[in-house]
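Written out below as structure tokens is the structure these notes cover.
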Amino acid sequence: MPIQDVYMKCIILLTILYRVKYNSVVAVCQLSVPHGNNIYNFSLTSPLSNYPHGVLSEDGFYKVAANGTVLWFQLCDGMVFNHDPPRCLDCQDCGGSSHCGMGCSALIANQLGGYYVCTTIGRSSNTNINLIDEKNPSMGVTVRMSSGSRLTNCSLSVSVLCDSNGLQGPNSLDKLGMCEYSTVLRHPSGCAKTISRHGRGWGWFSTLLIILLCLFAGYLVGGAVYRYFHLGIRGVHVIPNLEVWLTLPHRVQGLFRSLIRRFRRPTEGHRSSYSPVNF
């Protein structure tokens, strides 16, 4: 096989894999919620002016430490370490010893007996997104990821608060259960794009117009059925008040003409109909 064909197939395969991964990431980190007269759309991976990758850390990971515990995580994708990689034991299910942290989206290290022991607490494939406060959608969203392990039920919840000023945090780490953690992140990606629903659907005028048209159609059909079966009328005369409908265009045309004549300004001929009088 020519080497050009091999290169071309490799490029096509990598493109397909990238699109599949990108589409799955985008689908995970999107949320659309109707609330009141508005629709709140969240897209955490959409590029912003100062954040081309959205909420994704450009370092490849976020890091926070508290009380002898170290947490690494990446939102909406797997972690990538070009510097400061995790140094802890038992990292087999998250990249192994040589690529620790690069096989999951959240990894935590607890100090036990003088050593840091790793635990996978999140994967991008086990991620969902919900509102922080259903009564206040503009507050932001919570991204929850879990390890998906049968042995340990671990998870990480990251509250992405709306903050148009820029990225802040994470600065805290809370332990909610045996293997459940949470942290807070302020980011412009947590701000929803609001779409008003006033212009969508049927307004009161459109609804009234539809009702009037339905009533008119019912009148025509009911009248035609009555005239056909009870009065024995055939042909176009089965339509009730046919003469009125035939003369209706002429009546409308005459009405418009009368309105035009009423609002039209007097012409120059009318103005000069009287000759000036010299005293």
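The values are calculated or read from the model by the stated rules, or taken from the named source; none is laboratory data. A quick note: this is a predicted structure, and the numbers were derived from the prediction, not measured. For neighbour counting, all protein chains shown are included, and Cβ atoms are generated from backbone atoms with ideal geometry for every residue, glycine included.
If you go through segment 142-153 one residue at a time, do you hit one that is aliphatic (A, V, I, L, M) and more than 25 Å from the chain's Cα centre (by Cα)? Looking for residues that are aliphatic (A, V, I, L, M) and more than 25 Å from the chain's Cα centre (by Cα), one finds at least one in segment 142-153, hence yes.
Residue by residue, here is whether (1) over 30 Å from I39 (Cα atoms); (2) modelled with pLDDT of 80 or more; (3) part of a helix (DSSP H, G or I); (4) in contact with a Cys (Cβ under 9 Å, 6 or more places away or on another chain) holds:
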| position | (1), (2), (3), (4) |
| --- | --- |
| G201 | no, no, no, no |
| I211 | no, yes, yes, no |
| L220 | yes, yes, yes, no |
| I233 | yes, yes, no, no |
| H237 | yes, no, yes, no |
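Just the residues that are over 16 Å from M178 (Cβ atoms) and part of a strand (DSSP E or B), please, taken from segment 119-143. Answer for segment 119-143, where residues must be over 16 Å from M178 (Cβ atoms) and part of a strand (DSSP E or B): T127, N128, I129, N130, L131, G140, V141, T142, V143.
No other residue among L185, L212 is out of contact with any Lys or Arg (no Cβ under 9 Å at 6 or more places or on another chain) and either surrounded by 11 or more Cβ atoms within 10 Å (Cβ to Cβ) or in contact (Cβ under 8 Å) with a residue 40 or more places away in the chain (or both) apart from L185. When segment 236-252 is filtered for residues that are of a type in the set (S, T, N, Q) and either under 18 Å from V225 (Cα atoms) or touching a residue at least 12 places away in the same chain (Cβ under 8 Å) (or both), only N241 remains. Of all residues in segment 96-118, those satisfying the criterion of being in a loop (DSSP other than H, G, I, E, B) and free of Cβ contacts under 8 Å to residues at least 24 places away in the same chain are G96, S97, S98, H99, C100, G113, G114.
Of all the criteria given as (1) loosely packed, with under 12 Cβ neighbours inside 10 Å; (2) of a type outside the set (S, T, N, Q); (3) in a loop (DSSP other than H, G, I, E, B), the one not satisfied by P170 is (1).
When each of D77, D59, D84, D93 is tested for being assigned to a loop (DSSP other than H, G, I, E, B), of a type in the set (D, E) and over 20 Å from L167 (Cα atoms), the lone residue that passes is D84. One residue stands out in segment 54-81 among those that are surrounded by 19 or more Cβ atoms within 10 Å (Cβ to Cβ) and of a type in the set (F, W, Y): the one that is farthest from E180 (Cα to Cα), namely F61. Please count how many residues of segment 176-192 are within 17 Å of G68 (Cα to Cα) and modelled with pLDDT of 90 or more. Adding up the residues that qualify gives 4. Restricting attention to segment 239-249 and to residues that are β-branched (V, I, T) and modelled with pLDDT of 80 or more, the residue that is surrounded by the fewest Cβ atoms within 10 Å (Cβ to Cβ) turns out to be T247.
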